[in-house]
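Here is the structure we will look at, set down as structure tokens.
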Amino acid sequence: NNYMDIQALAEANKKDIWEIETKNLLVQEDHLLGNGAFANVYKGIVKGKIPLLVVNNSLNMTVESENNGHFEAAVKKLPAHADEQNHLDFFHEIEFMKRLGHHPHVISMLGCVSSPFEPLIVVEYCSRGDLLKFLRRHKDYVLLNKTDDCPVEADMCLRIKDLVSIAWQVADGMSYLASKNFIHRDLAARNILLTKSLTAKISDFGLCRYMDSALYTAKGGRLPIKWMSIEALKLYEFSSKSDVWSFGVLLFEIFSMGDVPYPTVQQMDMLDHLLSGGRLPQPIKCPNEIFNIMRKCWEEKPEDRPEFNEMRGEITVMLNLDD
Ligand code: ADE
């Protein structure tokens, strides 16, 4: 019937728009950005038309890593031993990334290769890598006073305002995801990527989720226990409000410059710890306004926690204050 034909055509068309010809894609197999049980991510270069820019041409978008019609990219690939289920998950992820749309604080797919044998997902390249390692690298270079001079190269040093800005950008990206009814479930510093200009991008829609398996519990679930809300730990209930809880833990990571949360609590004791009122402390460099937001993220009842757009508004106020 006609309707089906049109739908099939529309689907095929959409696919064409996102498809990158392999002759226009160079995957640098010797430049691994991350690897895990279900995917490897390599540095890559895309030449010619970038599907993302074609799809969004009305937005007059630019990609930061453009250079003479060559775009730096990160290319996600299935490992050699991937089974049929891994392939299916990978194709679902491609469809998900197409639907995600573009937002400056959410990682964008530049395009894909949907070959049944070697499918590829091509995303924006973020040259400063993940936020957790970035924070740990810069731990000794946070300037507390406006007048402090940076004792090393200028771009090693960070100010509290830079940290607040990263927090704002993540709240902004999460407001967008929540507005599309998308639940992230693994919001953590390891899943935020940073560009050259310190733009923060929420990642992990499968891309980073598989990359650091040591951080997940071994008990089958692969769950990020120390980022999980009480209801997620107790009942496996995930919602935007459980993402808000994780955002509170991410704020702790940012302002402690990458400390491990609850270092003395075993994963299996986390639920009891939280139920008896245990929460993360205020990091030394954390402004009171941010700590107040963190505490609200960890309210036991999900409905008592703030929305992402409320938190974005509160952080906006902080960024606009003259320090
Ligand atoms: N590691 C994983 N994804 C990446 C990306 N998009 N850019 C840089 N490093 C990454």
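The values are calculated or read from the model by the stated rules, or taken from the named source; none is laboratory data. What you are looking at is a predicted structure, and each value in this text was computed from that prediction instead of being measured. As a convention, Cβ positions derive from the backbone with ideal geometry for all residues, glycine included, and neighbour counts pool all protein chains shown.
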Practice prompt. State which residue pairs qualify: first residue within 13 Å of the ligand (Cβ to nearest atom) and inside region 117-130, second residue among the acidic types (Asp, Glu) in any location, beta carbons under 7 Å apart, and separation of 6 or more residues or different chains.
Written response: Ile121/Glu93; Tyr125/Glu72
Item to complete: Could you tell me whether any residue of region 81-89 is surrounded by 13 or more Cβ atoms within 10 Å (Cβ to Cβ), touching a residue at least 40 places away in the same chain (Cβ under 8 Å), of a type in the set (D, E, K, R) and within 16 Å of the ligand (Cβ to nearest atom)?
Response: no
Worksheet item: Can you tell me which residue in region 242-276 is nearest to Asp140 (Cα to Cα), limited to those that are surrounded by 23 or more Cβ atoms within 10 Å (Cβ to Cβ) and free of Cβ contacts under 8 Å to residues at least 60 places away in the same chain?
Response: Phe252
Worksheet item: What number goes with the only condition from (1) outside any helix (DSSP H, G or I); (2) of a type in the set (Lys, Arg); (3) in contact (Cβ under 8 Å) with a residue 24 or more places away in the chain that Arg279 does not pass?
Response: (3)
Item to complete: Give me a count of the residues in region 95-123 that are out of contact with any helix residue (DSSP H, G or I) (no Cβ under 7 Å at 6 or more places or on another chain) and either in a loop (DSSP other than H, G, I, E, B) or surrounded by fewer than 22 Cβ atoms within 10 Å (Cβ to Cβ) (or both).
Response: 11
Discussion item. Taking the criterion of being of a type in the set (Val, Ile, Thr), on the phi < 0 side of the Ramachandran plot and part of a loop (DSSP other than H, G, I, E, B), would at least one residue in region 173-187 satisfy it?
Written reply: yes
Worksheet item: What pairs can you find where one residue is in region 159-188 and over 21 Å from Ser239 (Cβ atoms), the other is small (Gly, Ala, Ser), and their Cβ atoms are less than 8 Å apart, with a gap of 6+ or different chains?
Response: Ile166/Ala200; Gln169/Ala200
Discussion item. Only one of Arg185, Arg190, Arg159, Arg136 is within 11 Å of the ligand (Cβ to nearest atom) and among the charged types (D, E, K, R). Can you tell me which?
Written reply: Arg190
Worksheet entry | Qualifying residue in region 192-212 (condition: touching a residue at least 12 places away in the same chain (Cβ under 8 Å), over 21 Å from Cys286 (Cβ atoms) and among the aromatic types (Phe, Trp, Tyr)) | yes
Worksheet item: Can you name the residue in region 184-211 that is over 24 Å from Thr62 (Cα atoms) and modelled with pLDDT of 85 or more and, of all such residues, is surrounded by the fewest Cβ atoms within 10 Å (Cβ to Cβ)?
Response: Arg185
